[in-house]
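Student: This is the structure I want to talk about, given as structure tokens.
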Amino acid sequence: MKAYTDVFNKPLKQEDVALAVQVITTAKRRPTSSLLQRRLGWGYGKVLRMYELLEDANVVGPQRSDATRTLLLKRQDAATNAALRQLRKGQK
């Protein structure tokens, strides 16, 4: 199992994961990297690592050719639980 870290090898925080899920599930459009960058002020590296975790948790699908992703879990509570479970798996 891989550990989920940012570009500086610091573990991703549960609060950041929950915040990213909230932004993605409440957005009116499909999730993109720039969505999290603009709304949360995160760098591109952290956003990519976050999407990697969200893909592994089956919250979002893989990136498509138009740089968008498909939101697989639309309910915020279910998506948050799945993402946090995946984060905990990476910490073991």
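Student: Quickly estimate the mean residue ellipticity at 222 nm for the chain, helices only: each DSSP H run with n ≥ 4 gives -39500 (n - 2.57), and the total goes over all residues, rounded to 500.
Tutor: Helix contribution divided over all residues of the chain: -17000 deg cm²/dmol.
Student: Among Ala27, Leu48, Gln63, whose Cα lies farthest out toward the positive end of the dipole of the chain, if unit charges sit on the beta carbon of Lys, Arg (+1) and Asp, Glu (-1)?
Tutor: With unit charges placed on the Cβ atoms, the residue in question is Ala27.
Student: May I have the pair-distance distribution P(r) for region 14-91, computed from all Cα-Cα distances with 10 Å bins from 0 and rounded to whole percent?
Tutor: Percent of pairs per bin, in order: 21, 60, 19, 0.
Student: On a full-extension model of 0.36 nm per residue, what is the gain between Gln63 and Leu84, subtracting their alpha-carbon distance, rounded to one decimal in nm? Kindly include the intermediate steps, with their values, before the conclusion.
Tutor: Values: separation 21, 0.36 × 21 = 7.56 nm, distance 2.08 nm.
Length difference between fully extended and current span is 5.5 nm.
Student: Now for a different question. Roughly how many debye, to the nearest 20, is the charge dipole of the chain about its Cα centre, given +1 on each Lys and Arg Cβ, -1 on each Asp and Glu Cβ, and no other charges?
Tutor: Details: 18 positive and 8 negative charges, 21 e Å.
My answer is approximately 100 debye.
Where a number appears in this text, it was derived from the coordinates with a stated rule and is not lab data. Note that the structure is predicted; figures quoted are calculated from it, not measured. Ideal geometry is used to build each Cβ from the backbone, glycine not excepted, and the neighbour counts take in all protein chains shown.
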